[in-house]
Amino acid sequence: MSRWRPVWLVARREILTRLRTRSYQLSTAAVVLLVIGGMAAGQWLPDLFDEDPEQRMGVVSAAVPLKDKLREVAAAFGENVVLVDVTPGDDLAKTMEREDLDAILVEPDRLVFEAAVDATLHAIVVQAAFEAALPERATSLGLSVEEARKLIEPVAIRVELAVPEDEDEDDDLWGVGSVATVVLLMAMSLYGQWVLVGVIEEKSNRVVEVLLAVVRPWQLLTGKVLGILGLAIIQIGATLSALAVSLVVFEDVTLPEVAVTAIAMAVLWLVLGLLLYNFMYAAVGATATRPEDASSAMAPVLAPMMMAYFVALIYVPENPDALASRALSLFPLTAPLVMPVRIASGGGSAIEVILAVGGMIAATVGVIWLASHIYTGAILQTQRIGLLAAFRRSRA
Amino acid sequence: MLRFERLTKRYGDVVALDGASLAVASGRMVGFLGPNGSGKTTAMRSIFGLVRLDEGRVLWDGQPVEGSVARRFGYMPESRGLYPKMPVREQVEYFAMLHGADRTAARRQAEHWLGVLGLSDRVDSRVETLSHGNQQRVQLAVSLAFESDLLVLDEPFSGLDPLAVRTMGDVIRQEAARGAGVLFSSHQLDLVEDLCDDVVIIDHGRVVLSGPLEDVRSASPHRYVEVRGEAAAEPWHRAFAGAEVVEEHQRSVRLRVDAKSDPGAILAAASAAGHVDGFRFEPPSLADLFVEAVRR
């Protein structure tokens, strides 16, 4: 039997066992529904909050000659104005209510609103009336229409932004990076706890002695970590699939390009972070004896993770290329949480990303070695044991 | 053949194994006996590399036991260990595959052994829903679910009812008949006496007695005499040098005498002292051997 077959069998058992649990099924469904719901909200909420996306204006027969101009100007303004022919009545308010109108153009120079003036409609009517009157006015002054237009052409004013547009885009990017860091921390904590609790359970129900009689500690550890990584990938895959389907179904919703890149990078950091941290979770889990010890056992793993999280959210966005940001984005224990924010904040480079990824892979190999020894030294102990003592015991 | 060569293991000041050596031949059932804390479990764990030895070697057919070799061994640890929420058949299949069986063979073996052990109707039940005795049967099935070369069973009969003990004993005997070596520990000495071919007694980490059961019984320097009837109450045994009362009741007495003693002379002395209803002169039982070995 190849040395990797036991790893595969352990990973397969982890996946199949947890796939059947109601908690896994419900959490996967919840994430998928959250994505689809979020996208649906993106599609429909603007309509819900926009009280009246189209405006309706009644046009009495005396003003009908203005209709074409009104349509042209409304289109130029980017407004959807529906023109409704109405007959003049005694009570304009009732006509408005009956026809669901925002205003009535009673005569070419008389516009009536219900209770408040709509500045946009007013501007459209003024401009349309001006356009209609322009040829006659030009002729009376002895000018051609073109000459008249030139005369009233507005002076060009240069318009600039005090904040450059690309910097504004960086704010979006930073937002995406921050969200990615929060999601990464949550995912690494969640899947890490699965590993931790799984190891403690195997130890407390003593099945680990039967397992270690037939597989080596590194095979058991690696299988467990890869199995839970597989479960994470299934959930990530389901989430991304829901996102992709939603993008097709809800045609009005689009993701900014930066978000697509950030998602791809977040998945990469998540996979690397899970590999590194979950071996550490497994090692500290082996030192505990009961499930109740889980929270105290995980403290040494949580410390660097939380430190990286707060630095990533508070310090790095303002100082993406500071020495501390640079160092923490390259240090394997903090890289998965710090590097995404650093990149999103405009720092980092392709070389640094490659260095960080390479460092994490090398550190993961080292952590597998270290975790296997701690695991071996601690897993058959019936009393709580320290990390160093467990390591020494495995070498004794 | 499994061989321990001078195994030594210390935990601080505590000596768990002190140069222990023994052998388990293929097809032989070896009863591994010793008081609590004598080193049995440590020795059994060392076969699977679960204990890092200070000195000594564990050999299989002359070669050190490594991963691929240990996968051919079945193990039932003293502290039972199963996945509580995993269905019975799936659990047995899983361990069979870890031992190298493919999925089809693992399924076949799981169904075979669960049938033999009377669990056919519980194959889809979660282990945690079974009684203690049935969980123990599943544990045995896990250690049997591939054709192992060696079975290492630490206290396989503890906590079982007599019917389950008989079933389990039959199964282990069949495995030995197939050719597997069996090393098992137990405090139920009468049961071990019925089952084992060879016996190894360990005390304070040292093997103090070992060999085929009949040989070690015959080689003992003592014989045991049981007398029933009126004579049991009389002190006639004082006439025999070295005779020692090991058990005394109102109408029976059990003596340890020198192996070279003449049973005819003993019976004559007892009969002269009073009426004799029953008389036995025999080599030591396994329980006698155990007491002799560990009290030295």
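The values are calculated or read from the model by the stated rules, or taken from the named source; none is laboratory data. Every value quoted in this text rests on a predicted model; they were computed, and no experiment measured them. As a convention, Cβ positions derive from the backbone with ideal geometry for all residues, glycine included, and neighbour counts pool all protein chains shown. Side chains included, ligands, DNA and RNA excluded: accessible areas come from the protein's heavy atoms. Shrake-Rupley method; radii C 1.70, N 1.55, O 1.52, S 1.80 Å.
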**Asked** Does A:ALA244 satisfy the condition of being surrounded by 22 or more Cβ atoms within 10 Å (Cβ to Cβ), over 17 Å from A:PRO340 (Cα atoms) and in the same structural domain as A:VAL341 (by TED's automatic domain parsing)?
**Response** no
**Output for segment B:240-289, where each listed residue is open to solvent by less than 50 Å² (accessible area, probe 1.4 Å) and among the charged types (D, E, K, R)** = B:ARG254, B:ARG256, B:GLU282, B:ASP288
**Asked** Given the conditions (1) away from chain B (no Cβ under 14 Å); (2) touching a His at 6+ places or on another chain (Cβ under 9 Å), which single one is not true for A:ARG395?
**Response** (1)
**Fill in**
Looking across segment A:312-340 at residues that are assigned to a helix (DSSP H, G or I), open to solvent by 40 Å² or more (accessible area, probe 1.4 Å) and without any contact (Cβ under 8 Å) to a residue 60 or more places away in the chain, the single one that is farthest from A:VAL207 (Cα to Cα) is A:LEU323
**Asked** Do you know which of the residues in segment B:72-82 that are more than 19 Å from the chain's Cα centre (by Cα) and facing another protein chain (nearest Cβ under 8 Å) is most open to solvent (accessible area, probe 1.4 Å)?
**Response** B:LEU82
**Fill in**
Scanning segment B:1-22 for residues that are free of Cβ contacts under 8 Å to residues at least 24 places away in the same chain and assigned to a strand (DSSP E or B) gives B:TYR11, B:VAL14
**Prompt:** Within the set of pairs 6 or more residues apart or between chains, which connect a residue that is under 20 Å from B:ALA70 (Cβ atoms) and at the interface with another protein chain (Cβ under 9 Å from one of its Cβ atoms) inside segment A:191-209 to a residue that is part of a helix (DSSP H, G or I) and open to solvent by 10 Å² or more (accessible area, probe 1.4 Å) with Cβ atoms less than 9 Å apart?
**Reply:** A:VAL207/A:GLU201; A:GLU209/B:ARG45
**Request:** Output the residue which, of all residues in segment B:197-219 that are outside any strand (DSSP E or B) and open to solvent by less than 10 Å² (accessible area, probe 1.4 Å), is farthest from B:MET44 (Cα to Cα).
**Result:** B:LEU213
**Asked** Can you name every residue in segment B:143-166 that is outside any loop (DSSP other than H, G, I, E, B), open to solvent by less than 50 Å² (accessible area, probe 1.4 Å) and farther than 21 Å from B:VAL30 by Cβ?
**Response** B:ALA164
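Each row is one residue, and each column tells you yes or no for (1) β-branched (Val, Ile, Thr); (2) buried (at least 19 other Cβ atoms within 10 Å of the Cβ).
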residue	(1), (2)
A:ILE36	yes, no
A:ALA41	no, no
A:GLN55	no, no
A:VAL81	yes, yes
A:VAL86	yes, yes
A:ALA93	no, no
A:ALA103	no, yes
A:LEU121	no, yes
A:PHE130	no, no
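The rows are residues; the columns are (1) in contact with a Cys (Cβ under 7 Å, 6 or more places away or on another chain); (2) open to solvent by 30 Å² or more (accessible area, probe 1.4 Å); (3) away from chain A (no Cβ under 11 Å).
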{"residue": "B:PRO35", "(1), (2), (3)": "no, yes, yes"}
{"residue": "B:PHE48", "(1), (2), (3)": "no, no, no"}
{"residue": "B:LEU59", "(1), (2), (3)": "no, no, yes"}
{"residue": "B:ALA70", "(1), (2), (3)": "no, no, no"}
{"residue": "B:ARG89", "(1), (2), (3)": "no, yes, yes"}
{"residue": "B:LEU98", "(1), (2), (3)": "no, no, no"}
{"residue": "B:GLN109", "(1), (2), (3)": "no, yes, yes"}
{"residue": "B:VAL116", "(1), (2), (3)": "no, yes, yes"}
**Item:** Breaking point among (1) within 10 Å of another protein chain (Cβ to nearest Cβ); (2) surrounded by 15 or more Cβ atoms within 10 Å (Cβ to Cβ); (3) in a helix (DSSP H, G or I); (4) not small (Gly, Ala, Ser), for B:GLU128
**Value:** (2)
